[in-house]
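**Q** Once you've had a glance at the structure underneath, I'll fire off some questions.
Nothing in this text is a laboratory measurement; each read-out follows from the coordinates by a stated rule. Here the structure is a predicted model, which means the values were calculated and not measured. Note that we place each Cβ from the backbone using ideal geometry, even for glycine, and neighbour counts take in every protein chain shown.
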């Protein structure tokens with residue numbers, strides 16, 4: 001785990017970067033208009049927003065690579081292979097379960113360059129894209145401070161990070177496939193898993209950033225996995241996208257409240273509470289779920305049969321609520337890609353199913369909601385807390401039946 005001094009350094013840097021984005025004060029690729037003459041510039045000022053296009057993402061990626069030495073580049077620039085693309089996890093397991101270079105291994109300018117890639121590649125909606133990612137960073141710093149003050153080591157999710165299977169069973173899971181040579185250590189105690197810190201998030205480019213060839217922006221850490229796949233100058237896939245959070249809500253040192261996934265929860269609740277008693281009965285799933293079903297290491301393992309309530313039986317207003325429930329996950333991608341994907345999901349709405357398990361309040365362990373369409377797949381589940389064991393926390397995942405990893409790989 002990083003030292004307290006190091007953790008504070010990353011916390012201050014990510015807050016500065018987030019403030020730049022939220023205040024719309026991001027430096028553009030063509031330079032700053034600052035005429036103050038003040039040389040006391042901060043690292044945050046170097047976080048740039050390049051053109052919101054694939055070319056812009058490539059430019060930002062190349063700028064990040066230019067800050068690295070040859071050894072660092074070997075950690076970041078990897079082959080676009082199935083083994084590498086599926087190597088992601090929701091666990092705080094560092095480099096044992098994901099490729100790339102940790103933010104904690106970079107200097108301030110390099111971190112700012114890495115964040116410039118994310119700012120450029122992700123969506124711009126309030127609470128989405130880099131905004132949401134930065135909140136997940138803050139949540140992990142919060143967990144790190146709680147863990148440090150309590151002197152405990154609980155840096156693994158329940159059950160040693162195994163993914164919840166139907167009927168409450170456990171299936172091989174969120175540890176996912178390890179990069180070549182990697183292995184998990186520490187088991188359910190979390191020993192050796194790397195701890196909680198905003199510095200323990202990793203960036204990799206699988207393939208060479210390009211406006212012609214296939215490649216992937218691969219970024220993640222505890223409770224976060226961003227997988228954006230590009231080909232021929234277009235975004236071919238914005239999934240899998242895993243995002244979770246513990247705690248679900250907290251206040252920072254200045255009294256500001258943080259609830260990174262509240263919009264996702266609210267959208268799911270709006271959808272399920274719109275159902276009549278009869279509709280809720282039909283939508284209820286017979287299985288129970290202690291985690292997302294199609295999480296890390298479960299690529300292609302969608303249920304063979306769609307279960308729950310068909311959206312074709314819903315009113316037009318209810319169908320809009322289903323689409324609204326999908327949108328927060330899709331909005332992680334750049335705005336143009338998100339709009340295109342939402343158009344596809346809207347066209348498939350009558351073949352889309354919704355289901356729930358546990359209770360509909362999303363307040364207790366194993367409360368679960370999912371949306372399953374011809375293309376879209378979204379899951380939201382509540383789990384008992386790991387560090388804050390008197391609370392629940394959230395796991396969610398967005399996948400696409402045909403577009404995960406840009407549809408470049410086949411899973412049985």
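**Q** If packing is taken as the mean number of other Cβ atoms within 10 Å per residue, what is the order of 283-289, 376-382, highest first?
**A** So the order, starting with the most tightly packed, is 376-382, 283-289.
**Q** Ratio of Rg to Rh for the stretch 339-400, alpha carbon only, Kirkwood?
**A** The Rg/Rh ratio comes out at 1.10.
**Q** Continuing with this model, one more query. Compute the distance from the alpha-carbon center of the stretch 321-377 to that of the stretch 246-294, in whole Å.
**A** The two parts, judged by their Cα centres, are 12 Å apart.
**Q** Averaged over every viewing direction, what's the projected area of the C-alpha convex hull for the stretch 261-407? Give it in nm², one decimal, please.
**A** 8.8
**Q** So for the stretch 243-338, Kirkwood radius off the Cα pairs, Stokes-Einstein at 4 °C and 1.567 mPa s: how many µm² s⁻¹?
**A** 81
**Q** Can I ask one more? Starting with the highest mean, order 251-260, 292-301 by the number of other Cβ atoms within 10 Å, averaged over the residues of each peptide.
**A** Top of the packing list down: 292-301, 251-260.
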